[in-house]
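As structure tokens, the structure follows; a few thoughts come after it.
The values are calculated or read from the model by the stated rules, or taken from the named source; none is laboratory data. Every value quoted in this text rests on a predicted model; they were computed, and no experiment measured them. Backbone-built Cβ (ideal geometry, glycine too); neighbour counts: all protein chains shown. To get the accessible areas, we keep the full protein, side chains included, count just its heavy atoms, and leave off ligands, DNA and RNA. Shrake-Rupley method; radii C 1.70, N 1.55, O 1.52, S 1.80 Å.
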Amino acid sequence: MKILVIGSGGREHAIVSTLRKSPDITEIYAAPGNGGIQSEAICRDVKATDIPSIVALAKEISADLVFVAPDDPLVLGMVDKLEEAGFKTFGPRKNAAILEGSKKFSKDFMKRHAIPTADFEAFKDAQKAIQYIKSRNSYPAVIKCDGLALGKGVIIAQNEDEAISAIEDMLLGGKFGDSGKQIVIEEFLKGTEVTVLAFTDGKTIVPMPPSTDHKRAFDGDKGLNTGGMGVIAPVPYYTPAIADECMEKIFLPTMNGMTQEERPFKGCLYFGLMLTDSGVRVIEYNCRFGDPEAQCLLPLLKTDFLKIIQAIHEERLSDIKVEFDNKSSACVVMASGGYPEKYQTGFQITGLDNSNDNICIYHAGTKLSTVNAAPAIVTSGGRVLAVTAIADDLKSAVDNAYKKINDIKFEGAHYRTDIGNKALKNGFLPQK
């Protein structure tokens, strides 16, 4: 089989690496790919959001399957166009991807189906939003762009001035473009944050091991929100009882609700959860593999990835057994200095060679270039690499990831040094 993977980040590198393990795949293409992906797939320089060109590429290479990985093309309807052109795809259609594409839709959906989440109101008018935030007078307050914003369109305002500033930036200042023309203001949930990704074909849902992303740029959960600075999985505080609660009150109602509304979700559904003292609440949905959650979870997958994808496409996920290694995984992201704000690129990366089967180095913001007349991998984005280690226990996985990071060098390299620390401390348990 020929597979075409859409995207250019660390998530897509992890997807390509996992698909390469399938004996039924003969060729993998990636569009546009990156400096690491091109060592494992044939990269074609086509933008991930250029739907007509992606469809044309799929035709040119006679793709047997197209894996649409990023949020933007999914929300824009790339799967619909590929299926109309006769291609098997992995990923939800546009009318299902709206779960991530519109915060207001997802919140209204949860309300319709009694799925536990934070209280909220949506606004397009800045003055009405400001009046609401003043009348609530409850902080912290969560202010979100309605649309996609690269994981950065969420402001946790600590006081009225910060809240008003965020509202004005989004609705009046155009800070997030069209994505911020409507906003959602939510109550702030206290508790322990967990992510659960799940395979679903619209009839069956199979959760993956629970993980915890570290969104803030700096140690101690300081600094701005980023696309994710590191992940651990599984997490010790997501107990079997909590898993049962999530299946009954969140996972099944979400899948069944989307099917009932004639928006069947087929692909990978991401649940951002908060374990509070009054039960689990949904923070957000994503319509695809998280980044860097994919880099943490896919190395644990034992079942042939292609078999899962085919079962989802044919709506027979219930027929196969999805298995993950009973081990721990830790992923640490190496970023460019200054990320998530201004940063420079073009710096050579050294120390990428690896002889340890339990270490995976996934490229995100990299490209192949020339340094001193020799080919070299250089930085080309904010998040540059995701270094994942697999071990029998979480502490060993974390230690091994940082040990490998010490070998990798590029100018301005920045990474958090506390990935997994909270989970490793005694007593880090949900509040309930």
Considering residues of region 104-124 that are closer than 20 Å to I242 by Cα and of a type outside the set (A, V, I, L, M) only, the residue surrounded by the fewest Cβ atoms within 10 Å (Cβ to Cβ): H113
Boolean, G191 is on the phi > 0 side of the Ramachandran plot and in contact (Cβ under 8 Å) with a residue 24 or more places away in the chain: yes
Condition check: under 26 Å from T303 (Cβ atoms) and crowded, with 17+ Cβ neighbours inside 10 Å. Does G267 satisfy that? yes
Within region 42-68, the residues that are under 11 Å from Y29 (Cβ atoms), in a helix (DSSP H, G or I), touching a residue at least 24 places away in the same chain (Cβ under 8 Å) and over 23 Å from the mean Cα position of the chain (by Cα) are L57, A58, I61
Number of the exception - L197 against (1) in a loop (DSSP other than H, G, I, E, B); (2) within 12 Å of the chain's Cα centre (by Cα): (1)
Residue list for region 106-133, restricted to those being over 24 Å from the mean Cα position of the chain (by Cα), under 20 Å from K181 (Cα atoms) and in a helix (DSSP H, G or I): A126, Q127, K128, A129, I130, Q131, Y132, I133
Going by the structure shown, is I164 closer than 19 Å to A118 by Cα and in contact with a helix residue (DSSP H, G or I) (Cβ under 7 Å, 6 or more places away or on another chain)? no
Give me the pairs: first residue in region 258-273 and β-branched (V, I, T), second residue part of a loop (DSSP other than H, G, I, E, B), beta-carbon distance under 8 Å, and six or more apart or on different chains, which are they? T259/G202; T259/K203; T259/F265
List every residue pair whose Cβ atoms lie under 7 Å apart, where the two residues are 6 or more positions apart in sequence or sit on different chains, the first residue falls within region 337-348 and is surrounded by 15 or more Cβ atoms within 10 Å (Cβ to Cβ), and the second residue, located anywhere, is among the acidic types (D, E). F347/E411
So which residues in region 130-149 are closer than 18 Å to F105 by Cα and touching a helix residue (DSSP H, G or I) at 6+ places or on another chain (Cβ under 9 Å), if there are any at all? I143, K144, C145, D146, G147, L148, A149
Would you say Q182 is open to solvent by 60 Å² or more (accessible area, probe 1.4 Å) and either of a type in the set (S, T, N, Q) or closer than 23 Å to P292 by Cα (or both)? no
With charged (D, E, K, R), out of contact with any Pro (no Cβ under 7 Å at 6 or more places or on another chain) and part of a strand (DSSP E or B) as the only criterion, which of E186, E245 stands out? E186
